[in-house]
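Accompanying notes for the structure given below.
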Amino acid sequence: MRSLIHRKLWRGHSLWAMLTVLVVAGASVGSALAVAVPSASAKAKTSSAPLVVWYDAARAAFVKEYKKTHPGANVKWVLYSGDANGDGTLQSKFALYNRVGWKPGVAPDVVFDEENYEGGWLGEPPYNDLLNLKPYISQSVWSKDDGLGDCLIDGKLVCLRNDDAANVLWVNTKLWSQFFPGQAPPTTWAQYAADGQALIKSHPGYYIGEFGQPWDAETYLWGNECPINEASGNQVLTDNPSSPNCTKIAGLIDSALGAFTPNGPFTTAWVTDGTAQKMVMDIGAIWQGSAIYASGTGSNGPGTNVMEAYPPPVATNGAHVTGSIGGGLWMVTSHTQQPKAAAALVEYMDTSPQIQENPTITQGLPAYAPDQDKWLKSLNGVFANSGATEAAIKKAAGEIWTGWSPVPWSVESIFGDVATPGLIAGGSFSSALTALSTNISSAAQSAGWQVKK
Amino acid sequence: MSIPSAPAVTSGRKSAARGGRAAGTREQLAPGGSRSAGYFFVALYVLLLLLLGVAPVVYAVYLALSGSGGLTSSFTSAFSDFRFASAFEHILEFMVIWLVSQTFLVVALVLMLHNLSQRVGAAFRFLFYIPGALAGAASVIVWLFMLDPTASPFGFILHWLGYAQFDNTVAPGNLPPIFAIMAFWTGAGGWIVVMYGALNNIPHELLEAAQIDGSNAFQTAMQIKLPLIRKWIVYMLVLSFAGGTQLFVEPTVLGSAALGVGISKYWSPNQLAWFIASEYDNFNEAAALSLVLLVLGLMVAALLVWRGRLFEVE
Amino acid sequence: MRFGGLAILLLFTAFFFVPMIWLFLAPTKTDGQLVSDSPFAFGSLSTLAHTFHRIVTYDGDSLLIWLKNSAIYSFGGTALAVIAAIPAGYGLALTQFIGRRLLLSITLIVMIMPATALVLPLFLEMNKLGLYGTIWSLILPFGFFPFGVYLAYIYFSSTIPKDLLAAARIDGATEWGVFRYIAVPLARPIIGLVGFFAFVASWNNFFLPFVMTYDNSQYPLQVGLQQLIGSTASFNPANYSAGTSIVVLHRPDLAMAVIIAIAPVLIVFLFAQRTLVTGMLTGATKE
């Protein structure tokens, strides 16, 4: 038996003859196919191409409302993942479109993005795919959006902020008055940690927060002005994990680590282990209040009239600031041929009272300040001490630290990738901080950024 | 993983006869018909081969060599990426676990099945084979639940291993074995069917003779059956290796469902290539990475094919 | 020994089959039951009906569109694969031409070559040809199936006696006539086999359509499934912030989508198992 490959594979004369045939055949097919091209792309170039809007599942009610109020609008609605958890759908599709061209009526004009750091990413090189909205949306409108730090990049306005996802201190009033009778919930991180230490002794198995979730950095580090993810302009990143703004908070969390649960609100254990009922406090985004803690099912949280929002603890350096988890951005691509119409749609989605003030359409606090009061009123009867809760939310909404800049990498992904495993395995938050910082620096350098310690 | 199928092996007799000829082409002209007919029959396939097999490879080579910093710049920057080493470590660990356990288990299972009655064996084979219908995203979604100690039918095993929740199960160190389990789950059944068929082709007289000689079931399996399915084992290794280096959909889908916990978007080399292409818009470096994978896959395949004398095409 | 062997087999049966049982039970339960009830508990038929309705009508008729897309890409690719592979296998096995061995060798190499490594250059090539975003950017790559050529080659070279063809030629049959009236009728099993493998490979492909499609109206099911993960509450926290008025997908819905996505392949598996296995082995071990 002799294997063919094993034998003289490349027999001279037949090889050349074959190659000639192949090349000729290939060339003719190539040109035949190429002829067919112009007709396909020319068809799409008509001016009546619809406005293409990409939205995520959570924004479906927005779309419904838009259709109701804009009958006959020439819009093609495309549901996509929302770049959920930074899955990279937008980055990969944008990169592909930058190769194949942005076909009107097919490539998106408007995009909703769940990841609030991606405005900077997609608006800067190598993408440069976002339209500066300043010429199209009046400053008197956009300047009323909270949390615009994610959208104002190098003087350009590359997005509008959909909802204000500032972090507040959520307190289970029933458990609190039972475990800490006569005491007020913490107003500083030091008190917060001290309460945690007390809780470990008095009521083990109850918690003051979560750890090991990808957004830990946005909860604890962002809210303390920790400079490990600060863009200092011109593709320069400041990454200084040894700043006291970082080390102090990490030390405080480590001092009460037993009072933090690894069962985040989106794990099955949150429900099956009853963690939802054991959270005495939790630092979390505004939307988590009604969407999770007060949800009617009673399994995600303690239900209505139990949780109360308090202002986020004052940062270890004394600043009144907080972090932000999620939120979402409305963006217009720079390749759109209908910038006016696209910007108008974005403005409507972002500011319309019919949409933003209506909790059956959105459970996030509108970033657009004029819509906030009415939305907050809808919380009546949902939380304990509605008045105080609404005031605390309103205060936090304006306190998001703007130093945690939008950068072209996902801090959540990096945290989940390199810090969470260590934390879950019993490591300290301080060592998670180091791992996070190292990997943020590497990601920055790979993206062509300079890193300043 | 798609269903594996068989390497076809023509009879030894024919090859021997053919191999004896000096330059076969000319004298076979008469029985083989005219040359132009041959070209006609293979024409469409050759076109596709050129367009979709040869051209992309040539293009990848061109891309990889035309990086902005000179001929080898794409390769050097790919190799020096801080994610490069870990991606290859991941895949290496996955391959070792998967290939070793799959080879051992498939062979052991098929030898066991071959000792059962025809009907019982067929039932088992069918049950093993069914998960092959789930490939890619579908199988990952199923395993998302199988790996969650709070919802999984295998929860008791996960708890026994000390995993209380999903994040514990998908700890970074566990990912290579997890992907190996997924790959085994979808792929092993097909191989078992194929190898069982190969075993059935062993002449009965041979097995009976062994029995008369007094060898027990185990000895027969090791001394007679195993050598006869050796080719198939090599074939399984070749295809598995080539496919395994390309791991993409499993980590991608698992990552998007696990809230990004513990699994990055550049876990496997193929993911890293895609990441570099899409997030840095660097198709040159991505092509260089793809070529590294391709060459790696082909080298090992070639080695196994030649050493294992797998394809006796004439 | 015998007993131990059986126990091991049963253990592996559990490993292979339990996830399948779980999958088919999942859509009968609500999301809460899915995590709190026993994994093997049956929910109710009415829940199943609701789940089915919810996933099929989700986002208009996305799932049906993906199903249709999968069908177009897979059937188109399969048809092309068969049309190209059967004559090519025949030509390689039963005719002579210059470069035959070379072509056979290249086929073997390309067959082993992992196709995903070529996705990126293939994408750029399709774009240059103006085929990106058309069904051809998927059908053509799916139709290029060297493995099928090799199977056909083996089949023809081992089942059809050359003397038969020679006799037909002497009787005055043309080359095409010999292929059409002698080889093709004898090739039914191999046509089915090549078709099956090409179909399954195309249906289950993820990476290529992931790259080659513009948006979700072009997705096949495999890519659509990944998008559904993003729409499922437990897998994407953002969905919790959605207004109370909209349908949010939960895990049982996702399980239902998986069942729908695998159904065609599963049906082929169930009903054609015997034929397939026989076919696989004929192609493989014909003496």
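Residue under question is residue C:155, and the condition is that it be crowded, with 24+ Cβ neighbours inside 10 Å, more than 18 Å from the chain's Cα centre (by Cα), assigned to a helix (DSSP H, G or I) and among the aromatic types (Phe, Trp, Tyr); does it hold?
So residue C:155 fits the description; yes.
Only residues that are assigned to a loop (DSSP other than H, G, I, E, B) and of a type outside the set (A, V, I, L, M, F, W, C): list them for the stretch A:402-453, please.
A:402, A:403, A:405, A:406, A:408, A:410, A:426, A:427, A:428, A:448, A:453
Report whether or not residue A:83 is without any contact (Cβ under 8 Å) to a residue 24 or more places away in the chain, assigned by TED's automatic domain parsing to the domain that holds residue A:336 and in contact with a helix residue (DSSP H, G or I) (Cβ under 8 Å, 6 or more places away or on another chain).
The answer is no for residue A:83.
For the stretch A:1-119, which strands (runs of 3 or more DSSP E) that fit wholly inside it have 1 or more residues that are at pLDDT 90 or above and surrounded by fewer than 18 Cβ atoms within 10 Å (Cβ to Cβ)?
The strands (runs of 3 or more DSSP E) meeting that bar are A:75-79.
What tally of residues in the stretch B:28-81 results from selecting those that are modelled with pLDDT under 85 and among the hydroxyl-bearing types (Ser, Thr, Tyr)?
Total satisfying the criteria: 3.
In the stretch A:271-290, how many are among the small types (Gly, Ala, Ser) and open to solvent by 10 Å² or more (accessible area, probe 1.4 Å)?
Residues flagged as among the small types (Gly, Ala, Ser) and open to solvent by 10 Å² or more (accessible area, probe 1.4 Å) within the stretch A:271-290 amount to 2.
Among the listed residues C:98, C:83, which satisfies the condition of being β-branched (Val, Ile, Thr), within 14 Å of chain B (Cβ to nearest Cβ) and not in a helix (DSSP H, G or I)?
C:98
Could you look through the stretch A:244-262, keep only residues that are within 25 Å of the chain's Cα centre (by Cα) and not β-branched (Val, Ile, Thr), and pick out the one that is surrounded by the most Cβ atoms within 10 Å (Cβ to Cβ)?
A:246
Being closer than 26 Å to residue B:151 by Cβ, out of contact with any Lys or Arg (no Cβ under 6 Å at 6 or more places or on another chain), exposed (fewer than 13 other Cβ atoms within 10 Å of the Cβ) and more than 10 Å from every other protein chain (Cβ to nearest Cβ) narrows it down to one of C:7, C:49, so name that one.
Of C:7, C:49, the one residue that is closer than 26 Å to residue B:151 by Cβ, out of contact with any Lys or Arg (no Cβ under 6 Å at 6 or more places or on another chain), exposed (fewer than 13 other Cβ atoms within 10 Å of the Cβ) and more than 10 Å from every other protein chain (Cβ to nearest Cβ) is C:49.
Give me the residue from the stretch C:212-227 that is assigned to a helix (DSSP H, G or I) and at pLDDT 90 or above and, out of that set, farthest from the chain's Cα centre (by Cα).
Top of the filtered list is C:212.
For the condition modelled with pLDDT under 90 and either open to solvent by 20 Å² or more (accessible area, probe 1.4 Å) or away from chain A (no Cβ under 14 Å) (or both), what is the one hit in C:197, C:142, C:207, C:179?
Checking each option against the conditions leaves just C:197.
Among the residues of the stretch C:242-265, write down those that are open to solvent by 10 Å² or more (accessible area, probe 1.4 Å) and in a helix (DSSP H, G or I).
Within the stretch C:242-265, C:251, C:256, C:259, C:260, C:263, C:264 qualify.
Check off (1) within 19 Å of residue A:348 (Cα to Cα); (2) surrounded by 18 or more Cβ atoms within 10 Å (Cβ to Cβ) for residue A:135 and give me the number that stays unchecked.
Going through (1) within 19 Å of residue A:348 (Cα to Cα); (2) surrounded by 18 or more Cβ atoms within 10 Å (Cβ to Cβ) one by one, residue A:135 breaks only (2).
Give the number of residues within the stretch A:418-439 that are open to solvent by less than 20 Å² (accessible area, probe 1.4 Å) and within 16 Å of residue A:210 (Cβ to Cβ).
Counting residues in the stretch A:418-439 that are open to solvent by less than 20 Å² (accessible area, probe 1.4 Å) and within 16 Å of residue A:210 (Cβ to Cβ) gives 5.
Looking only at the stretch B:1-23, decide whether some residue is at pLDDT 90 or above, under 32 Å from the mean Cα position of the chain (by Cα), more than 9 Å from chain C (Cβ to nearest Cβ) and crowded, with 22+ Cβ neighbours inside 10 Å.
Looking through the stretch B:1-23, none of the residues is at pLDDT 90 or above, under 32 Å from the mean Cα position of the chain (by Cα), more than 9 Å from chain C (Cβ to nearest Cβ) and crowded, with 22+ Cβ neighbours inside 10 Å.
Wholly within the stretch B:74-169, which helices (runs of 4 or more DSSP H) include no fewer than the required count, namely at least 2 residues that are open to solvent by less than 10 Å² (accessible area, probe 1.4 Å) and within 9 Å of chain C (Cβ to nearest Cβ)?
Because the criterion is at least 2 residues that are open to solvent by less than 10 Å² (accessible area, probe 1.4 Å) and within 9 Å of chain C (Cβ to nearest Cβ), the helices (runs of 4 or more DSSP H) in the stretch B:74-169 that meet it are B:84-114, B:118-129, B:137-146.
Pull up the stretch A:192-233, narrow it to residues that are open to solvent by less than 10 Å² (accessible area, probe 1.4 Å) and among the hydrophobic types (A, V, I, L, M, F, W, C), then point me to the one that is nearest to the other protein chains (Cβ to nearest Cβ).
Residue satisfying both the conditions and the ranking: A:217.
Report yes if residue C:30 is hydroxyl-bearing (Ser, Thr, Tyr), open to solvent by less than 10 Å² (accessible area, probe 1.4 Å) and either at negative phi or under 30 Å from the mean Cα position of the chain (by Cα) (or both), otherwise no.
Considered against the rule, which asks whether it is hydroxyl-bearing (Ser, Thr, Tyr), open to solvent by less than 10 Å² (accessible area, probe 1.4 Å) and either at negative phi or under 30 Å from the mean Cα position of the chain (by Cα) (or both), residue C:30 comes out as no.
In the stretch C:107-139, what residues are more than 9 Å from chain A (Cβ to nearest Cβ), among the β-branched types (Val, Ile, Thr) and in a helix (DSSP H, G or I)?
C:107, C:110, C:112, C:116, C:119, C:139
Residues being free of Cβ contacts under 8 Å to residues at least 12 places away in the same chain, in contact with a helix residue (DSSP H, G or I) (Cβ under 8 Å, 6 or more places away or on another chain) and not small (Gly, Ala, Ser): count how many of those fall in the stretch B:225-273.
The total comes to 1.
The values are calculated or read from the model by the stated rules, or taken from the named source; none is laboratory data. What you see is a predicted model; the values in this text were computed from it and never measured. So basically every Cβ, Gly included, is an ideal-geometry build from the backbone, and we count neighbours across all protein chains shown. These accessible areas exclude ligands, DNA and RNA; they are computed on the full protein's heavy atoms, side chains included. Shrake-Rupley method; radii C 1.70, N 1.55, O 1.52, S 1.80 Å.
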